[in-house]
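Sending over a structure as structure tokens; questions will come in a sec.
Just so you know, all these numbers are worked out from the coordinates, no wet-lab data involved. All values reported here derive from a predicted model rather than from experimental measurement. All Cβ positions, glycine included, derive from the backbone under ideal geometry; neighbour counts span all protein chains shown.
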Amino acid sequence: MTDLEMPSNETPILETRQIYKRYQSGTTTLEVLRGVDFSLEQGGFLAVVGQSGSGKSTLLHVMGLLDAPDSGEVWINGQRIDNLPARDKDRLRNNSIGMVFQAYHLLPEFTALENVLAPLLIRHGIVNWFSQKRAAQEQAEALLERFGLSDRLHHRPRQLSGGEMQRVAIARALITKPQVLLADEPTGNLDEESGAGIIEALAELNRDNGLSIVLVTHDADIASQARGIVRLAAGTVDMMNPGATGSAA
Ligand code: ADP
Ligand code: MG
């Protein structure tokens, strides 16, 4: 990239252009995404809402390179990423995109600390791990401490509450210092109080650390805590309250 091509501050951190995605089951074709133009500005915090089955997870998976669209483009910080070779996509997923899921997806045999360290182990590789381990461990402990888990470092997922598991999952998503955090119904399995704690943690990361966030939820109360709301319906998105930080194109 030359100096002239450096992304400006107005470059969205995350953008989709005309995303189409359909699923074929038997003889029926389900057109889930029909030209989704989405844009999140640097430091933005957008909630994506929509009915169950409207394609929220599909869209988030496309943004996070977990799923390929039939057509359309995904851009991160001024770089098109959907058409990169698999190896570069893996690297981006490890370095630039943090993901959090409703079901946490922690490794059951690993402790909280080990779960948070896993992305760095993958990044550095087992051969280089020995020289990286101490610094990585300090970072992981600091993150877990930030989320109130300093006395849970060596607990395994089954020894943690749902809210604690989700906080471990958020710490794991952040250990790589991603450019954007994508969260798919992160409070979906939690009681109201634990869920509120998770949303507050996300809002704080956005406010205090400038982390750019896309939060998928079907819960209007939760969505209202983002800085803007995008509704997904009939395969396309609409910005619900223009003027908030982060905008849908
Ligand atoms: P949401 O997250 O908004 O509830 P999804 O993105 O999970 O919706 O799914 C959108 C629609 O696509 C749903 O009707 C779902 O059944 C369908 N769908 C999702 N994944 C697949 C798949 N792999 N094969 C077939 N249909 C799918
Ligand atoms: Mg979903």
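What does the net charge come to around SER54 if you take all other residues with beta carbon closer than 15 Å to its beta carbon, with K and R at +1 and D and E at -1?
That works out to 0.
Related question: For the chain, with a Gaussian network of springs between Cα atoms less than 10 Å apart, report the residue from PRO108, PRO12, PRO119 with the top mean-square fluctuation.
Greatest mean-square fluctuation among the candidates belongs to PRO108.
Calculate the dipole size of the stretch 1-113 relative to its Cα centre from +1 charges on Lys and Arg beta carbons and -1 charges on Asp and Glu beta carbons; express the result in debye to the nearest 20.
With only Lys, Arg, Asp and Glu charged at Cβ, the dipole is about 360 debye.
Give me P(r) over the stretch 79-125, computed from all C-alpha to C-alpha distances, binned every 5 Å, as integer percentages.
With a bin width of 5 Å, the distribution comes to 5, 17, 24, 23, 17, 10, 4, 1.
For the chain, give the magnitude of the charge dipole about the Cα centre (Cβ charges: +1 Lys/Arg, -1 Asp/Glu; no others), in debye to the nearest 20.
Dipole of the chain, to the nearest 20 debye: 640 debye.
For a bin width of 10 Å, list the pair-distance distribution of the stretch 18-146 built from all Cα-Cα distances, rounded to whole %.
In whole percents, the pair-distance histogram is 10, 32, 32, 20, 6, 0.
Highest GNM mean-square fluctuation, the chain, Cα pairs closer than 10 Å: which of GLY72, GLY55, GLY148?
Fluctuation is largest for GLY148.
Also: Net charge around LEU205, counting only other residues with Cβ within less than 15 Å of its Cβ (Lys, Arg = +1; Asp, Glu = -1)?
Neighbour charge sum, excluding LEU205 itself: +2.
About the Cα centre, and with charges only on the beta carbon of Lys, Arg (+1) and Asp, Glu (-1), how big is the dipole of the stretch 164-233? Nearest 20 debye, please.
460
May I ask for log10 I(q)/I(0) of the stretch 33-107 at q = 0.11, 0.20 Å⁻¹, from a Debye sum over the Cα atoms as equal point scatterers with solvent left out?
-0.30, -1.04
Counting pairwise Cα distances across the chain, what percent come out greater than 32 angstrom?
Of all Cα-Cα pairs in the chain, 21 percent lie more than 32 Å apart.
Could you grab the relative contact order for the chain? Cα pairs under 8 Å, six or more apart, rounded to a whole percent.
Averaging sequence separation for qualifying contacts and normalising by length gives 30 percent for the chain.
Further question: For the chain, modelled as a GNM with alpha-carbon contacts under 10 angstrom, which of HIS61, HIS218, HIS124 fluctuates the most?
Highest fluctuation among the options: HIS124.
Okay, next question. In whole Å, how far is the Cα centre of the stretch 82-122 from that of the stretch 127-141?
So the two Cα centres are separated by 16 Å.
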